[in-house]
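For reference, the structure discussed in these notes is given below.
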Amino acid sequence: MKLLVINGPNLNLLGIREPEIYGRQDYQALTALIHETCALLGISVELFQSNHEGAIVDKIQQAYGEKDAIVINPAAYTHTSVAILDALKAVGLPAVEVHLSDVKSREEFRQRSYAGMACEKTVMGKGFDGYVEAIEYLNERYG
Ligand code: DQA
């Protein structure tokens, strides 16, 4: 399986950013865990992080015909971006949404997920392990 893992804005600042919510491990530790998980499962993975909505839309579009599935943590764009929702719907690839924190128990403005409307599963509140769960889920169905 060819997998694309997308992380949205401010996730490059993991470890520094609100550690009481997002933990003390940095983005490099997250990428290492994802690479390790995919290697064990025989998945070919591409990781992408961007602070820019359009760059994320471009990346999703480029996955069409190239990738088999997407794991996406759109970060703050989760709650605002119809463009990312439309891109996910446009390419039609199986996708799983991941959030490090339990967004359901947080502020009102985080209660709507646009990207989630195009994802077949959401994993939240499990920290880095949420990415592992998302990858395993997609591998079982599409690997
Ligand atoms: C997040 C939750 C979002 O509400 C927030 O804007 C983020 C990170 C998470 O992983 O818990 O940047 O997606």
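The values are calculated or read from the model by the stated rules, or taken from the named source; none is laboratory data. Note that this is a predicted model, so its numbers are computed, not measured. In this analysis, Cβ positions are derived from the backbone assuming ideal geometry, glycine residues included, and neighbour counts consider all displayed protein chains. Only protein heavy atoms, including side chains, enter the accessible area calculation; ligands, DNA and RNA are left aside. Shrake-Rupley method; radii C 1.70, N 1.55, O 1.52, S 1.80 Å.
Of the conditions (1) touching an Asp or Glu at 6+ places or on another chain (Cβ under 8 Å); (2) open to solvent by 20 Å² or more (accessible area, probe 1.4 Å); (3) part of a helix (DSSP H, G or I), TYR137 satisfies every one except a single condition; which number is it?
(1)
Being part of a strand (DSSP E or B), closer than 19 Å to MET1 by Cβ, of a type in the set (Val, Ile, Thr) and within 12 Å of the chain's Cα centre (by Cα), is that true of even one residue in segment 46-69?
no
Just to be sure, is ILE84 buried (at least 22 other Cβ atoms within 10 Å of the Cβ), among the hydrophobic types (A, V, I, L, M, F, W, C), in contact (Cβ under 8 Å) with a residue 24 or more places away in the chain and touching a Leu at 6+ places or on another chain (Cβ under 8 Å)?
no
In segment 31-44, is there at least one residue being surrounded by 14 or more Cβ atoms within 10 Å (Cβ to Cβ), more than 23 Å from LYS2 (Cβ to Cβ) and not small (Gly, Ala, Ser)?
no
State whether one or more residues within segment 66-73 are among the small types (Gly, Ala, Ser) and either surrounded by fewer than 22 Cβ atoms within 10 Å (Cβ to Cβ) or within 15 Å of the ligand (Cβ to nearest atom) (or both).
No, segment 66-73 contains no residue that is among the small types (Gly, Ala, Ser) and either surrounded by fewer than 22 Cβ atoms within 10 Å (Cβ to Cβ) or within 15 Å of the ligand (Cβ to nearest atom) (or both).
May I ask you to list pairs of residues, at least six apart or on different chains, whose Cβ atoms are under 9 Å apart, with the first in segment 48-68 being on the phi < 0 side of the Ramachandran plot and the second being of a type in the set (Phe, Trp, Tyr) and open to solvent by 30 Å² or more (accessible area, probe 1.4 Å)?
If the second residue must be of a type in the set (Phe, Trp, Tyr) and open to solvent by 30 Å² or more (accessible area, probe 1.4 Å), the pairs left are GLN49/TYR27; GLU53/TYR77; ALA55/PHE48; ILE56/PHE48; ILE56/TYR77; LYS59/PHE48; ASP68/TYR142.
Restrict the check to segment 9-22 and report whether at least one residue is within 18 Å of GLU97 (Cβ to Cβ), acidic (Asp, Glu) and open to solvent by 40 Å² or more (accessible area, probe 1.4 Å).
No, segment 9-22 has no match at all.
Residue under question is VAL96, and the condition is that it be within 11 Å of the ligand (Cβ to nearest atom), open to solvent by less than 40 Å² (accessible area, probe 1.4 Å) and in contact with a Lys or Arg (Cβ under 6 Å, 6 or more places away or on another chain); does it hold?
no
Report, ordered by the first and then the second residue, all pairs with beta carbons closer than 6 Å, sequence separation of six or more or different chains, a first member in segment 1-12 that is within 11 Å of the ligand (Cβ to nearest atom), and a second member that is open to solvent by 10 Å² or more (accessible area, probe 1.4 Å) and small (Gly, Ala, Ser).
As it stands, the answer is GLY8/ALA75; PRO9/ALA75; PRO9/ALA76; ASN10/ALA75; LEU11/ALA75, since those pairs meet every condition given.
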